[in-house]
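Notes to accompany the following structure.
The values are calculated or read from the model by the stated rules, or taken from the named source; none is laboratory data. All values reported here derive from a predicted model rather than from experimental measurement. Using ideal geometry, Cβ is built from the backbone for each residue, glycine included, and neighbour counts are taken over all protein chains shown.
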Amino acid sequence: MELISINAENIALDFLMAEWEFSSADREWFSILSARPIGENWYVVEIGVEGLPDKWIFQVYDTGNCDPNYTFISPMSDIDSDLDELPERIAQVLLSERIHS
């Protein structure tokens with residue numbers, strides 16, 4: 001499979017949605033921050049939540065697979081900050097990820 005940026009982005013976003021069991025309505029809250037090729041065989045894709053500094057970083061391979069060992073980064077020292085306006089499931093996941101990062 002020839003991996004291009006848009007494919008890598010969709011694979012990573014699909015993986016995130018399935019991993020955390022987000023609803024299809026939740027998908028609109030996420031955006032691709034970057035997708036950059038690393039050599040010829042894989043991409044690094046960063047996904048964030050609209051309006052927040054948190055992000056997930058995924059490795060997507062030319063096999064069409066997303067490495068399940070992703071990285072979550074958040075600069076938030078107040079772990080429950082800025083979560084009130086989000087859908088409940090997204091707020092729960094961000095809180096969990098912030099606690100464990």
| Any chance region 20-30 includes a residue that's touching a strand residue (DSSP E or B) at 6+ places or on another chain (Cβ under 7 Å), surrounded by 15 or more Cβ atoms within 10 Å (Cβ to Cβ) and over 13 Å from ASP67 (Cα atoms)? | yes
| query | Taking region 18-47, which residues are assigned to a strand (DSSP E or B), within 12 Å of the chain's Cα centre (by Cα) and of a type outside the set (S, T, N, Q)? | reply | PHE30, ILE32, LEU33, ALA35, VAL44, VAL45, GLU46, ILE47
| remark: The lone condition GLU50 fails out of (1) under 12 Å from the mean Cα position of the chain (by Cα); (2) of a type outside the set (S, T, N, Q); (3) modelled with pLDDT of 95 or more is (3)
| remark: Scanning region 1-17 residue by residue, the ones that are in a helix (DSSP H, G or I) and either more than 16 Å from VAL49 (Cβ to Cβ) or among the aliphatic types (A, V, I, L, M) (or both) total 11
| query | When the residues of region 61-101 are filtered to those that are closer than 21 Å to GLU9 by Cβ and of a type in the set (D, E, K, R), which remaining residue is modelled with the lowest pLDDT? | reply | ASP62
